[in-house]
Amino acid sequence: MRLTRDIVEIFHRGSRIAAHVRLATPQWDPVVKPEHMPEEHRKYAQYNAEEFTAWAAGVGENTAGVVRYFLTSGREVEQGYKSCASLTKLAKNYGNAVLEDACERVLRLTSMPTIRNISTLCRSAADRKTAGEKPPAQQESRGGGITRGASYYSKGGHRHDEAGND
């Protein structure tokens, strides 16, 4: 980087890659030029909280709750944009109903939802659907395994014979 009284120049491996007129007054906020940003970063500059909020309300109340959490959990609203964009991708991949169900389940389990949790729930719902299984709440007991009855627990978890010996 080379700074003069009038120009700021940026070099990479000896080649100048950018030159800008130096501002006379100090700037507290960064000056961001979209043409200097990678294509993926330009997408984030176009996001806004109102669009995410309106989209989520159209999906359902639980998805709207997750979006509210993402937009308010960071120091700046923009910190939640990536998570909100990931939610929209999940809706495209799995459908609004699956996303809404996953958001409802994750909000029931935690007050701090994550994309990873929601994505896992969406994926498992899709896997169940392709396998033709019922959701976990509707699955019947398959039997087998070890089942302990009431007498096991009423004695503090230990099996005692009638004489009191272990």
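The values are calculated or read from the model by the stated rules, or taken from the named source; none is laboratory data. The shown structure was predicted, so the numbers you read here are calculated from the model rather than taken from an experiment. Ideal geometry is used to build each Cβ from the backbone, glycine not excepted, and the neighbour counts take in all protein chains shown.
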Count of segment 38-56 residues which are without any contact (Cβ under 8 Å) to a residue 12 or more places away in the chain and in contact with a helix residue (DSSP H, G or I) (Cβ under 7 Å, 6 or more places away or on another chain): 1
The helices (runs of 4 or more DSSP H) lying wholly within segment 1-117 that contain at least 1 residues that are surrounded by 17 or more Cβ atoms within 10 Å (Cβ to Cβ) are 49-59, 61-72, 81-94, 96-109
Residue that is touching a Pro at 6+ places or on another chain (Cβ under 7 Å) and either of a type outside the set (Asp, Glu) or touching a residue at least 60 places away in the same chain (Cβ under 8 Å) (or both), where the choices are 77, 106, 98, 59: 106
Flag if residue 67 is assigned by TED's automatic domain parsing to the domain that holds residue 115, in contact (Cβ under 8 Å) with a residue 24 or more places away in the chain and either on the phi > 0 side of the Ramachandran plot or not acidic (Asp, Glu) (or both): no
Single residue of 110, 25 found to be out of contact with any His (no Cβ under 6 Å at 6 or more places or on another chain), modelled with pLDDT of 90 or more and of a type in the set (S, T, N, Q): 110
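Results for (1) of a type outside the set (Asp, Glu); (2) in the same structural domain as residue 102 (by TED's automatic domain parsing), shown as yes or no for each residue.
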| residue | (1), (2) |
| --- | --- |
| 6 | no, no |
| 21 | yes, no |
| 26 | yes, no |
| 58 | yes, yes |
| 63 | yes, yes |
